[in-house]
Amino acid sequence: MENKKFLAFQIIYLLGLSFVLYLSVAVANEEAVLEPLAETDEEQNNMQTYIVWVKKPVHKYFFSKSHEDLESWYHTFLPTTIASSNQLKKPRMVHPYRNVATGFAAKLTPEEVKAMEKKEGFLSAHPEQILPLHTTHSPNFLGLHQGLGVWKGSNYGEGVIIGVLDTGISPDHPSFSDEGVAPPPAKWKGKCNFNGTVCNNKLIGARNFQGGQTTGGPPVDDEGHGTHTSSTAAGNFVKGANVFGMANGTASGMAPYAHLAIYKVCSEAGCAEGDILAALDTAVEDGVDVLSLSLGGASVPFYADGIAIGAFGAIQKGIFVSCSAGNSGPFYASLANEAPWILTVGASTIDRSIKATALLGNGAEYDGESLFQPKDFSSKFLPLVYAGANGKQSSAFCDAGSLGNVEGAIVLCERGGGVARIDKGAEVKRAGGAAMILVNAETDGDSTLADPHVLPATHVGYVAGVKIKAYLNSTSNPAATILFKGTVIGDGLAPKITSFSSRGPSIASTGILKPDIIGPGVSILAAWPVSVDNGTEGKATFNMVSGTSMSCPHLSGIAALLKSSHPDWSPAAIKSAIMTTAEVHNLEGKPIVDETLKPADIFATGAGHVNPSKANDPGLIYDTKPEDYIPYLCGLNYTDEQIQVITQQRVNCSQVEAIPEAQLNYPSFSIIVGSSEDSRSQYYTRTVKNVGPANSTYNLDLFVPKNMGMSVNPQVLKFTEVNQEITFEAEFFAEDSAGKDGVPFAQGYLRWVSDQHSVTSPISVIFASK
């Protein structure tokens with residue numbers, strides 16, 4: 001007995017000694033490097049912000065996990081040089097991360113980073129990226145009506161907190177009134193950095209991280225982007241919303257009674273990766289339920305992608321993350337935000353247009369769009385001239401200062417060339433032009449946008465532009481006018497994929513189909529922080545903006561509705577419900593088309609167009625737990641250290657049964673057929689959970705991709721309980737003709753159909769063999 005007591009005493013003594021030694025080292029290091037300084041002005045100028053990933057402290061089981069202890073650990077990695085006494089102190093630490101990642105952002109030189117690599121616990125470091133932003137009637141278009149359906153069932157998203165990372169917010173806009181909004185839930189821990197009482201039950205949090213701030217000034221929106229996206233996700237009902245009288249009606253976000261927490265991380269110059277991570281880190285601690293990020297960069301591996309890393313930390317806490325797919329379409333493999341734990345959102349049109357028709361001297365009419373619809377523009381014909389008639393490309397694009405005298409003429413300008421659409425009109429106006437016809441390049445096809453032009457104008461598609469140019473060259477006296485027809489609702493081709501929406505396949509993980517979903521992102525009316533004034537008539541505190549930046553908050557708000565209706569659903573369950581109930585047909589009942597007006601392919605649509613009402617009652621879901629991603633990440637051949645950066649867990653892939661990407665329990669399939677015999681036949685399993693009626697039977701419906709064969713076992717799923725799970729196996733085998741006919745990919749679907757539900761998983765097949 002005495003020996004046991006003595007042994008216990010020894011253990012306690014050793015632990016205590018370790019504690020003392022740890023504290024001594026931590027305090028010593030903290031005193032030495034709490035705010036390390038640069039040696040010289042030259043060294044200061046050579047600094048940039050680095051994102052540094054480190055291992056969790058080895059003593060985490062013995063000591064407090066407080067923020068102070070973690071920051072002390074981070075400071076041990078910083079350089080220990082002391083500046084001369086006459087130098088201005090410049091703290092190196094920009095942001096310490098505590099929740100979504102283990103690491104920090106700091107001002108360092110390349111040499112200091114190199115030296116840091118030798119320190120125990122260091123994982124990796126890279127210069128922070130500066131990521132770009134991806135920049136009313138849409139609720140009705142999505143089937144959301146006051147007092148009905150999913151809005152009624154979720155009470156308009158009541159009790160759910162949406163965190164928006166963007167350019168800030170204009171808090172006094174009527175879209176952020178808290179009329180009808182309940183107080184925030186007790187779990188909320190966030191802060192409002194606005195002065196006075198502008199925060200309320202709608203706008204419950206507001207912080208500024210832009211430029212490395214953590215407790216800086218109020219997150220005032222100087223750009224408009226953040227106000228627009230926030231109101232799209234969760235703006236309250238505002239009657240009489242319009243721009244210049246167009247699209248008049250009641251505006252609201254997708255979840256009008258949800259709460260908003262705003263985190264400013266962007267300016268006109270872009271969004272710093274370190275600031276984004278700091279905001280994600282804080283949002284998780286504050287208690288948000290949904291995160292919305294209308295920003296992102298080029299494809300990189302997930303361990304080098306700050307958004308992917310922060311999002312993984314968020315889903316570990318049960319927080320849903322919605323991100324924009326990017327505006328680099330219509331080119332393939334142009335996606336941002338590809339991680340499978342993120343909902344990646346592409347952009348499509350709604351059935352409303354602000355119509356402006358180009359009428360030519362030969363009687364031909366070509367419909368286009370313009371938000372500015374002057375009432376006093378004469379319908380009489382005016383001379384029509386081509387801006388590029390002088391042979392200069394800058395003139396064709398109506399670049400600033402490029403046009404000669406075009407007094408009284410309607411000028412045809414080409415879209416693109418690095419010149420903003422509205423700026424082209426400004427140049428035409430400067431040169432004396434009476435109006436502008438803006439024509440698309442071939443890559444933009446039929447995708448047009450309603451902009452607040454500074455003069456009478458219409459934006460027409462590529463085919464229309466070709467015909468207008470042909471007319472212009474066919475006569476010595478070409479003439480035209482523009483007929484302004486106002487707000488028109490009822491485009492049967494809606495939703496259409498817009499040209500700028502980024503396309504798959506994913507580069508970072510080709511075995512996961514991306515984008516996941518498409519939603520409204522073209523000419524979206526939402527709140528604006530200042531009066532929209534085009535210098536011609538009227539002002540408005542709403543604006544129409546286009547981009548996947550606009551489609552992302554639509555899905556963020558819809559996710560909030562689902563979270564309100566189903567508070568026990570995981571982020572993966574919400575994603576599954578959204579994807580498996582998506583629409584693949586337009587209002588005419590035909591396949592969704594893209595900017596060419598031909599059927600859009602699966603790398604443009606993903607699962608299809610969101611249907612909130614169906615997503616609220618999906619029948620079956622494909623669920624995934626955070627730990628399920630570890631075998632997937634091992635299957636990507638990431639190193640243990642790279643996976644630790646993402647998961648904040650020590651991982652040994654040699655002891656993990658790695659899986660191929662397509663084996664992840666995802667609501668879609670992405671199959672890659674190579675030249676090897678092994679890839680010609682592939683087996684994958686999926687597990688579905690019954691969230692519909694207890695006694696449900698689902699029958700298989702297959703649309704097999706071209707040049708492929710498929711078998712599924714079992715072909716009937718019989719459920720007797722709610723939350724019961726059933727696993728099925730799907731075999732994909734390539735036919736002899738696969739990959740030999742010049743067709744690079746094929747698509748199909750696997751669908752489970754019951755009396756009440758249809759649960760669809762899209763299938764893409766890439767033929768990589770030659």
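The values are calculated or read from the model by the stated rules, or taken from the named source; none is laboratory data. Quick caveat, the model's predicted, so the values are computed rather than measured. Virtual Cβ from ideal backbone geometry, glycine too; neighbours counted across all protein chains shown. Accessible surface is based on the protein model in full, side chains and every heavy atom, while ligands, DNA and RNA are left aside. Shrake-Rupley method; radii C 1.70, N 1.55, O 1.52, S 1.80 Å.
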- Average the reciprocal distances over every distinct pair of alpha-carbons in segment 286-430, invert the result, and give the Kirkwood radius in Å. 19.3
- Message: Using all alpha carbons of segment 688-765, what is the percent of pairwise distances in each 10 Å bin, ordered from the shortest bin to the longest?
- Response: 17, 44, 24, 12, 3
- Note on the structure: Under the helix-only model (-39500 (n - 2.57) for each DSSP H run of 4 or more, divided by the residues of the chain), the mean residue ellipticity at 222 nm, to 500 deg cm²/dmol, is -6500 deg cm²/dmol
- Item | Vicinal HN-Hα couplings computed from phi for segment 286-293 (Karplus, 6.51 cos²θ - 1.76 cosθ + 1.60; Hz; Gly/Pro x) | 5, x, 5, 10, 9, 10, 10, 10
- Message: How charged is the neighbourhood of ILE204? Take every other residue with its Cβ under 14 Å from the Cβ of ILE204, and add Lys/Arg as +1 and Asp/Glu as -1.
- Response: +1
- Report GLU285's accessible area, 1.4 Å probe, all protein chains in place, as a number in Å² to the nearest 10. 80
- Query: Using the C-alpha atoms of segment 240-352, what convex hull volume per residue, in cubic angstrom, is computed?
  - Reply: 151
- Task: Using only C-alpha atoms and all pairs of different ones, pull out the Kirkwood radius for segment 523-673 in Å with one decimal.
- Result: 18.9
- Cysteines in the chain that, by Cβ-Cβ distance, have no pairing candidate under 4.7 Å: CYS323, CYS552
- Message: Using a 1.4 Å probe on the protein heavy atoms, what percent of the accessible area of segment 375-505 belongs to carbon and sulfur?
- Response: 52
- Hey, what's the per residue convex hull volume over the C-alpha atoms of segment 392-486, in cubic angstrom? 102
- Between THR80 and ALA298, what FRET efficiency follows from the Cβ-Cβ distance if R0 is 35 Å, with the result rounded to 0.05? 0.45
- Item | For segment 431-474, projected area of the alpha-carbon convex hull averaged over all directions, nm² | 3.7
- Query: Given R₀ = 45 Å, FRET efficiency for ASN637-PHE381 by Cβ-Cβ distance, to 0.05?
  - Reply: 0.10
- Task: With 18 Å as the limit, write out which pairs from LYS55/LYS119; LYS317/LYS563; LYS239/LYS264; LYS575/LYS689 have Cα-Cα distances beyond it, or answer none.
- Result: LYS239/LYS264
- Item | Entries in LYS202/LYS590; LYS380/LYS467; LYS514/LYS625 that, when Cα-Cα distance is taken, lie over 28 Å | LYS202/LYS590
- Consider the candidate values (i) 0.98; (ii) 1.02; (iii) 0.92; state which one is Cα Rg over 2.2 N^0.38 Å computed from the structure displayed. (ii)
